[in-house]
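Have a look at the structure below before the remarks.
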Amino acid sequence: MLVSDRSTDVRRREFTILVIGAAAALSHPLAAQHSRKPPRIGILLPGTPASFSLRAKALLDGLGALGYIEDRTITVGWKWGQDKVDILPGLAQELVRDNVDVIVTGGTAAAKALKDATRSIPIVMAIIGDPVAAGLVDSLAQPGGNATGFSIVAPELGGKRLELLKEIAPGMTSVAVLLNAKNPQSQIELKEMRVAAQAMSLQLHPTAG
């Protein structure tokens with residue numbers, strides 16, 4: 001089952017849940033085929049080692065508490081997107097070619113790159129907006145396929161932001177919206193914002209970056 005959480009206190013928990021998912025995936029029959037060697041975890045993160053340092057530490061600490069220690073009982077292959085969405089598909093394919101036992105990832109764009117690259121290696125993901133709308137899973141209750149993990153299903157936050165802007169500037173009639181056109185989650189959130197904007201008689205001006 002894919003876990004969904006709408007609360008704001010998710011940073012500390014999101015990679016703890018990844019630990020549980022990764023540990024479960026390592027006990028998967030596919031991982032058992034590599035039992036003669038330490039299990040191999042591939043990690044694809046869209047940012048940099050600096051921007052993901054806290055989450056990366058949380059992941060390794062959690063795995064260590066379960067007996068999975070980097071360079072001792074497991075090997076870990078890190079791939080960093082360096083905040084460049086275009087290179088994620090190539091990094092995902094590299095992890096697949098490395099024949100890792102399980103892949104941990106964060107962010108919708110990175111998860112989609114992995115989903116396109118493999119249908120067999122277990123994918124454990126976090127920081128995902130709406131995995132169903134993004135085509136990553138069949139449903140939250142029955143994900144299906146090879147991806148599971150942690151979802152922050154909250155596309156309505158865009159509407160909440162518009163409400164706050166309207167409170168600050170009641171006379172506001174139009175709003176510019178900056179979007180990452182390469183992130184599928186952006187279109188999902190924009191759709192929700194359009195509904196909210198219509199109810200508040202606001203005109204949106206999406207600008208893709």
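The values are calculated or read from the model by the stated rules, or taken from the named source; none is laboratory data. Quick caveat: nothing in here was measured; it's all calculated off a predicted structure. Virtual Cβ from ideal backbone geometry, glycine too; neighbours counted across all protein chains shown.
The table for this structure:
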| quantity | calculated |
| --- | --- |
| One residue from Ala169, Ala110 being assigned by TED's automatic domain parsing to the domain that holds Ala199, within 30 Å of His205 (Cα to Cα) and at pLDDT 90 or above | Ala169 |
| Residue in segment 117-139 that is of a type in the set (Ser, Thr, Tyr) and in contact with a strand residue (DSSP E or B) (Cβ under 7 Å, 6 or more places away or on another chain) present | no |
| All positions within segment 132-152 that are buried (at least 22 other Cβ atoms within 10 Å of the Cβ) and at pLDDT below 85 | Gly149, Phe150, Ser151 |
| Candidate set from segment 90-113 (those that are among the aliphatic types (A, V, I, L, M) and closer than 19 Å to Asn180 by Cα); member that is surrounded by the most Cβ atoms within 10 Å (Cβ to Cβ) | Ala111 |
| Residue selected from segment 176-201 under the condition outside any helix (DSSP H, G or I) and in contact with a strand residue (DSSP E or B) (Cβ under 6 Å, 6 or more places away or on another chain), by the criterion modelled with the highest pLDDT | Ala176 |
| For Ile168: the one exception among (1) touching a residue at least 12 places away in the same chain (Cβ under 8 Å); (2) more than 14 Å from the chain's Cα centre (by Cα); (3) over 27 Å from Leu54 (Cα atoms) | (1) |
| Checklist (1) farther than 27 Å from Gln142 by Cα; (2) at pLDDT below 65 applied to Val19, failing item | (1) |
| Condition met for Thr118 (within 24 Å of Asp83 (Cα to Cα), of a type outside the set (D, E, K, R) and surrounded by 15 or more Cβ atoms within 10 Å (Cβ to Cβ)) | yes |
| All positions within segment 136-168 that are part of a loop (DSSP other than H, G, I, E, B) and farther than 22 Å from Glu189 by Cβ | Ala141, Gln142, Gly144, Gly145, Asn146 |
